[in-house]
Amino acid sequence: MNYISTMIIPIIISIILLVGLKEKKKVYDLFIDGAKEGVKVTFRLFPTLIGIFLAIHMLRSSGLIDFLSNVLSNVTNLFNIPSEILPLAIIKPISGSGSMAIATDIMAHFGPDSNIGMIAATIMGSSETTFYVIALYMSVVKVKDSRKVVIPAIIADLASIISAVIFLS
Amino acid sequence: MLNYIWPLIILCSFIYAIISGNIENLNNSIFESLEEVITLSMTLVGTMCLWCGLMEIVKNTSIMDKMTRVLRPILVWLFPDAKNNEEAMENISMNTISNIFGLGNAATPAGIKAMESLDKSNMDKRKLSDSMMMLIVLNTTSIELIPTTVIAIRASLNALNPASIIIPIWISTIIGTLTGIISTKILIKRSKNR
């Protein structure tokens with residue numbers, strides 16, 4: 001499986017370039033254009049990273065996070081979720097950039113290849129900011145009755161978090 | 001929301017540090033956290049540029065059109081009451097494909113346009129239509145082929161193989177999306193029977 005995932009990225013890059021060349025696109029110019037967007041995205045994220053890292057580091061260095069993890073582990077053990085993941089699972093549906101910063105912090109603290117780091121990365125990559133999406137899409141149309149659309153969205157979130165934990169533990 | 005959670009975390013940490021005698025650790029961590037963000041961002045920007053560049057090429061080729069044709073039968077099954085609404089179907093497939101390729105900037109405008117065109121064919125304007133519900137749920141779970149940001153962060157933290165996260169993410173996102181689709185279909189059916 002490791003071999004497959006080593007192959008995925010080079011293969012995808014090659015396919016994109018081959019299709020581009022076949023359709024006579026200026027692949028290099030397009031690439032440079034898009035890369036500029038990458039700079040913008042990262043620096044848009046920068047202030048959020050500062051804010052969240054500051055808070056989480058204070059939470060950790062004060063020892064408060066160990067205290068909270070101990071208290072909450074009774075609940076998380078029910079679902080087999082490591083309590084270190086809990087802050088991420090809570091912020092994930094509310095704030096996209098906030099949860100990204102928390103996931104990054106978890107990966108940095110426990111190591112990107114550790115079990116917990118991998119789970120955090122998977123949760124990060126496997127769903128969107130649920131409440132934000134619902135609010136945005138609901139604001140487009142003038143409906144009063146959401147027909148409880150939030151329920152399947154939350155169930156889906158839980159399913160992907162739990163499957164990440166099961167698969168990686 | 002974060003306007004309350006963020007200060008609460010910081011203030012509680014400060015108080016707890018005083019009680020537990022960790023105040024020196026706390027003080028050091030403030031400056032360490034800033035330093036960590038700087039090093040992280042510098043490496044992150046490289047990988048982000050790589051992916052945004054590649055995706056710009058994808059956007060300009062026929063890859064998107066071909067995907068639309070492959071997705072069509074699936075979308076007809078997911079959005080049965082919109083299948084005669086050509087404008088809506090077009091926007092829905094644009095939205096889905098942009099999500100798959102991680103083109104957030106293209107996915108959201110297409111999704112919003114899809115909502116607008118679905119609204120035109122909505123019988124009861126006070127309620128979300130079935131297709132609107134499905135569209136919203138699909139956008140909350142959002143299948144992404146290459147989770148570029150996560151790979152970029154892992155690379156900047158010196159992971160052994162940054163891309164090895166792809167397979168766990170695929171599995172978890174597919175399970176999440178299928179669960180979302182099934183529970184939406186059940187919810188739609190139940191509200192019809194009432």
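The values are calculated or read from the model by the stated rules, or taken from the named source; none is laboratory data. Not measured: the values here are computed from a predicted model. Cβ sites come from the backbone with ideal geometry, for glycine too, and all protein chains shown count toward neighbours.
Which one of the conditions (1) assigned to a loop (DSSP other than H, G, I, E, B); (2) within 12 Å of the chain's Cα centre (by Cα); (3) without any contact (Cβ under 8 Å) to a residue 12 or more places away in the chain does residue A:117 fail to meet, given that it meets all the rest?
Failing condition for residue A:117: (1).
When you scan the stretch A:103-119, how many residues do you find that are in contact with a Lys or Arg (Cβ under 8 Å, 6 or more places away or on another chain) and more than 9 Å from every other protein chain (Cβ to nearest Cβ)?
1
When the residues of the stretch B:121-164 are narrowed to those that are under 22 Å from residue A:166 (Cα atoms) and either polar (S, T, N, Q) or touching a Pro at 6+ places or on another chain (Cβ under 7 Å) (or both), which ends up modelled with the lowest pLDDT?
Checked the stretch B:121-164; the qualifying residue modelled with the lowest pLDDT is B:142.
How about the stretch B:1-34: which of its residues are assigned to a helix (DSSP H, G or I), closer than 18 Å to residue A:92 by Cα and facing another protein chain (nearest Cβ under 7 Å)?
Matches in the stretch B:1-34: B:2, B:6, B:9.
Based on what the data block shows, is residue B:91 at pLDDT 90 or above and either surrounded by 18 or more Cβ atoms within 10 Å (Cβ to Cβ) or under 20 Å from the mean Cα position of the chain (by Cα) (or both)?
Details: at pLDDT 90 or above: no; either surrounded by 18 or more Cβ atoms within 10 Å (Cβ to Cβ) or under 20 Å from the mean Cα position of the chain (by Cα) (or both): yes.
Judged against the criteria, residue B:91 is not a match.
I'd like the full set of residues that are under 19 Å from residue B:181 (Cα atoms) and of a type outside the set (S, T, N, Q), limited to the stretch A:136-146. Steps first, please.
So in the stretch A:136-146, the residues under 19 Å from residue B:181 (Cα atoms) come out as A:137-138, A:146.
Within the stretch A:136-146, A:137, A:138 qualify.
When the residues of the stretch B:35-63 are narrowed to those that are among the small types (Gly, Ala, Ser) and in contact with a Leu (Cβ under 9 Å, 6 or more places away or on another chain), which ends up nearest to the other protein chains (Cβ to nearest Cβ)? Please lay out each step first, then the result.
Pass one, the stretch B:35-63, residues among the small types (Gly, Ala, Ser): B:41, B:46, B:53, B:62.
Filter once more, so that each one left must be in contact with a Leu (Cβ under 9 Å, 6 or more places away or on another chain): B:41, B:53.
Working: B:41: 6, B:53: 4 Å.
Restricting to residues being among the small types (Gly, Ala, Ser) and in contact with a Leu (Cβ under 9 Å, 6 or more places away or on another chain), the top hit is B:53.
Checking the structure you have, find out if any residue of the stretch B:37-49 is assigned to a helix (DSSP H, G or I), crowded, with 22+ Cβ neighbours inside 10 Å and small (Gly, Ala, Ser).
The answer is no; no qualifying residue exists.
Give B:42, B:48 a once-over and let me know the one that is modelled with pLDDT under 90 and over 23 Å from the mean Cα position of the chain (by Cα).
Values: B:48 fails: over 23 Å from the mean Cα position of the chain (by Cα).
Matching residue, one of B:42, B:48: B:42.
Quick one: residue A:135 ticks every box in (1) out of contact with any helix residue (DSSP H, G or I) (no Cβ under 9 Å at 6 or more places or on another chain); (2) surrounded by 21 or more Cβ atoms within 10 Å (Cβ to Cβ) except a single one, so which number is it?
Single failed check for residue A:135: (2).
Across the stretch B:51-62, what is the total count of residues that are closer than 30 Å to residue B:83 by Cα and either at pLDDT below 85 or not in a helix (DSSP H, G or I) (or both)?
5
Does the stretch A:61-80 include one or more residues that are assigned to a helix (DSSP H, G or I) and within 18 Å of residue B:3 (Cα to Cα)?
No, the conditions are met nowhere in the stretch A:61-80.
Determine the pairs where a residue that is more than 8 Å from chain B (Cβ to nearest Cβ) and touching a residue at least 40 places away in the same chain (Cβ under 8 Å), located within the stretch A:148-169, has a partner that is assigned to a helix (DSSP H, G or I) and among the aliphatic types (A, V, I, L, M) with Cβ atoms under 8 Å apart, the partner being 6 or more residues away or on another chain.
The qualifying pairs are A:165/A:85; A:165/A:119; A:169/A:119.
Do we have residue A:50 as modelled with pLDDT of 85 or more, assigned to a helix (DSSP H, G or I), of a type in the set (Val, Ile, Thr) and buried (at least 16 other Cβ atoms within 10 Å of the Cβ) here? Walk me through it before giving the result.
Working: modelled with pLDDT of 85 or more: yes; assigned to a helix (DSSP H, G or I): yes; of a type in the set (Val, Ile, Thr): yes; buried (at least 16 other Cβ atoms within 10 Å of the Cβ): yes.
The answer is yes for residue A:50.
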